[in-house]
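Where a number appears in this text, it was derived from the coordinates with a stated rule and is not lab data. All values reported here derive from a predicted model rather than from experimental measurement. With ideal geometry, Cβ positions are generated from the backbone for all residues, glycine too; neighbour counts draw on all protein chains shown.
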């Protein structure tokens, strides 16, 4: 099976004054095309550091990283930026939307940095991405005119617009309530069913069960790595929650 992520003994050491902090201590990880992986761990386990390295937001201290078959270590600064723009889509906990910019313009933003001009019609691509996440009727709204769940859908559309090899989601529902979180995870599962590769960082074990595979970290190492025998369905959970709420009412 084709891998989109492969790391070989990657480490990350931060120098804090006279103290060295070993955030990652030699990580071997392979993620195949079409997987949905949840990376779990308590604060300080190294999961966010790993996400930053895999997302080309930071570089490892040692070890090798292959993204979609390309050795990231060998890239120049410009090639590194191009790889991040072309191969990776990000979804963050805080949405990271420009506040005075419409949903359509927010989604179109990554394409402005595409020096390879891979996308012939950026506006059309942004429209299609918003339609894909169910926001065809919200394209002209600015973020404060949207709910938290709708803002995260805009962020997800922005992650999809450059047709990335992989989507990284860092605590994507950390600012959302339970119902909205289930709604967002149902969308992640739909996209994964279509073949989109997703790697998600979460500290919520219940949410991790929506993924097909869980990687658990501790002290900069992978503690456990296992396939979820029967991933939970976010759509079913959302339906059951609403039904129970209706009965309570």
Per 10 Å bin from zero, what fraction in whole % of the C-alpha pairs of the stretch 1-76 is there, up to the bin with the longest pair?
18, 51, 26, 5, 0
GNM on the chain, C-alpha springs below 10 Å: top fluctuator among 217, 16, 139?
16
Taking the chain and counting helices only, DSSP H stretches of n ≥ 4 at -39,500 (n - 2.57) each over all residues, the nearest-500 ellipticity at 222 nm comes to -10000 deg cm²/dmol
Whole Å is fine, so just give me how far the alpha carbon centre of the stretch 192-249 lies from that of the stretch 1-53.
20 Å
Once the piece of chain linking residue 64 and residue 1 is laid out straight, how much longer is it, given 0.36 nm per residue of separation minus the C-alpha distance between them?
20.7 nm
Sticking with the crude label model, points 7 Å out along Cα→Cβ, report the distance from residue 131 to residue 43 in nm, one decimal please.
4.4 nm
Using DSSP, restrict attention to beta bridges with both residues in the stretch 117-239 and report what percent are antiparallel, rounded to the nearest 5.
60 percent
Choose one answer from 89, 69, 220: the residue with the largest mean-square fluctuation in a GNM of the chain with alpha-carbon springs under 10 Å.
69
Write down the Å³ per residue value for the convex hull defined by the alpha carbon atoms of the stretch 3-248.
143 Å³
Quick note, the stretch 110-249: a/c under 1.5 would make it rounded; otherwise a/b > b/c is prolate and the rest oblate (a ≥ b ≥ c, C-alpha gyration tensor); here it is oblate
Separation in nanometres of the label points that stand 7 Å from Cα toward Cβ, at residue 80 and residue 15
1.6 nm
When the chain is modelled as a GNM with alpha-carbon springs shorter than 10 Å, which of 172, 110, 231 fluctuates the most?
231
Listed with the fewest Cβ neighbours within 10 Å leading, 237, 140, 219 appear as 140, 219, 237
Cβ density ranking, 10 Å radius, fewest first, applied to 107, 31, 19, 91 yields 19, 31, 91, 107
Got a sec? How would 225, 170, 206 order by Cβ neighbour count within 10 Å, fewest to most?
206, 225, 170
